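A quick write-up on the structure given underneath.
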Amino acid sequence: MSQQQISLPAKLINGGIAGIVGVTCVFPIDLAKTRLQNQRSGQQVYKSMMDCLVKTLRSEGYFGMYRGAAVNLTLVTPEKAIKLAANDFFRHHLSKDGKGLTVFKEMLAGCGAGMCQVIITTPMEMLKIQLQDAGRLAAQQKKPVMMSPTKLVVSNTVLSRSYNSGPVVSAARAVSATQIAKKLLQTQGIPGLYRGLGATLMRDVPFSIVYFPLFANLNRLGKPGPDQSSPFYWAFLSGCVAGSTAAVAVNPCDVVKTRMQTLNKGPSEEIYDGVMDCVSKIMRKEGPTGFLKGAGCRALVIAPLFGIAQVMYFVGVGEYILDNFSPSFLSV
């Protein structure tokens, strides 16, 4: 592909394939991250990531570790495609003078990518979290998990009340993610699916500002020459290092986002009126370590996810597909 012109359809294909492969590989760890982040002091069901995975496997079976995966796999393609394509798009237009990007311009491109992706990320995370956290609530209440691999235990009162109203799950019935989305749309409209948008922006914009410039500079170190690409293994390692670094850096924002987007509450779990209220309550009741919950899991999720993404992206699977299997009108 020409260095002077980018193919957005190819970038979208690359990002989509990368997202599907990456999510399939690391989703159980992401589930553990969500459950660990939602635990409160004195109500711990899980001691660590491995303890969470073992208990989930024992109580919910193998597919229990993939609760919410269907939602993620459905929406991760446009989410990752938008993120990677937007960053490439902004980098391309910020380097029109033919010179390399400064660190500031790389951060600016990453900021733009992070702001674009939340269009998909916010509702995706909103639905995924409800599915992922249901097993924790069931274990906390010592009740069987009443759902199929793609079902969520939830009461009618939770979705009929205002967002994050915080009732304890009771008189549960199993509903799908689609039903949750429909109920939110009926009762709260589009804003119901975009609750936690501010917290999502707080997480994704800084993540992209850190990740993309760091990856670009690490990847550049592996290039044999100025006009040559780095080996695929170097792209993978660069994606892993940059991804895990950015993930840990913004983990406090991820904890706040997870807490705010959790509709169902266990006994004595707080409700939040906004981002600052959430931050204040976590700091007061759990201390600074409360913001680090799930940091190790998040690093383990993001590292291979973005390593795989960058390999797919730079190998050029999308370009190959467009060149060999698609009609000419799809090319840009």
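Multiply the residue gap between residue 59 and residue 186 by 0.36 nm, knock off their C-alpha separation, and tell me the result in nm, one decimal place.
Values: separation 127, 0.36 × 127 = 45.72 nm, distance 3.35 nm.
Between residue 59 and residue 186, full extension yields 42.4 nm more.
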Legend entry - Extension gain, residue 44 back to residue 93 (0.36 nm per residue minus Cα-Cα distance, nm): 12.8 nm
Legend entry - Phi to ³J(HN,Hα) by Karplus 6.51 cos²θ - 1.76 cosθ + 1.60 over region 264-278, Hz, x for Gly, Pro: 8, 10, x, x, 6, 7, 6, 10, 10, 8, x, 4, 5, 5, 5
Inset, instruction - Please report, to one decimal in angstroms, the Kirkwood hydrodynamic radius of region 249-293 built from all distinct Cα-Cα pairs. - result: 10.7
Legend entry - Unit charges on C-beta of K, R, D, E only; dipole of region 200-265, Debye: 240
Legend entry - Percent of Cα pairs exceeding the 18 Å cut-off, where the set is region 1-135: 62
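Hey, what did region 185-332 get for relative contact order, percent, Cα under 8 Å, at least 6 apart? Could you put the intermediate results ahead of the total?
On the way: 137 pairs, mean separation 43.6, N = 148.
Over region 185-332, the number comes to 29 percent.
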Legend entry - For region 241-331, accessible area per residue (1.4 Å probe, heavy atoms of protein chains only), Å²: 41
Legend entry - Set 55/285; 33/55; 182/257 screened for pairs whose C-alpha atoms are more than 20 Å apart: 55/285; 182/257
Legend entry - Highest to lowest packing among 311-324, 259-272, 21-34, scored as the average C-beta count within 10 Å: 21-34, 259-272, 311-324
Inset, instruction - Apply 1/(1 + (r/R0)^6) to the Cβ-Cβ distance of residue 268 and residue 24, taking R0 = 35 Å, and write down the FRET efficiency to the nearest 0.05. - result: 0.45
Inset, instruction - Could you tell me what percent of the accessible area of region 30-87 is made up of carbon and sulfur, with a 1.4 Å probe and every protein chain present? - result: 64
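Of the peptides 115-125, 184-194, how do they stack up when ordered by the mean number of other Cβ atoms within 10 Å, highest first?
Working: 115-125: 21.6, 184-194: 14.7.
Listed from highest to lowest mean packing, they are 115-125, 184-194.
Is the shape of region 239-326 rounded, prolate or oblate, going by the alpha carbon gyration tensor and its root eigenvalues a ≥ b ≥ c, with a/c under 1.5 for rounded and a/b larger than b/c for prolate?
prolate
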Inset, instruction - Along Cα→Cβ, 7 Å out, is where each label goes; now give me the distance between the ones at residue 325 and residue 289 in nm to one decimal. - result: 5.0
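The values are calculated or read from the model by the stated rules, or taken from the named source; none is laboratory data. If you're wondering where the values come from, they're calculated on a predicted model, not measured in any experiment. With ideal geometry, Cβ positions are generated from the backbone for all residues, glycine too; neighbour counts draw on all protein chains shown. Side chains are part of the model used for accessible areas, which takes the heavy atoms of the whole protein and leaves out ligands, DNA and RNA. Shrake-Rupley method; radii C 1.70, N 1.55, O 1.52, S 1.80 Å.
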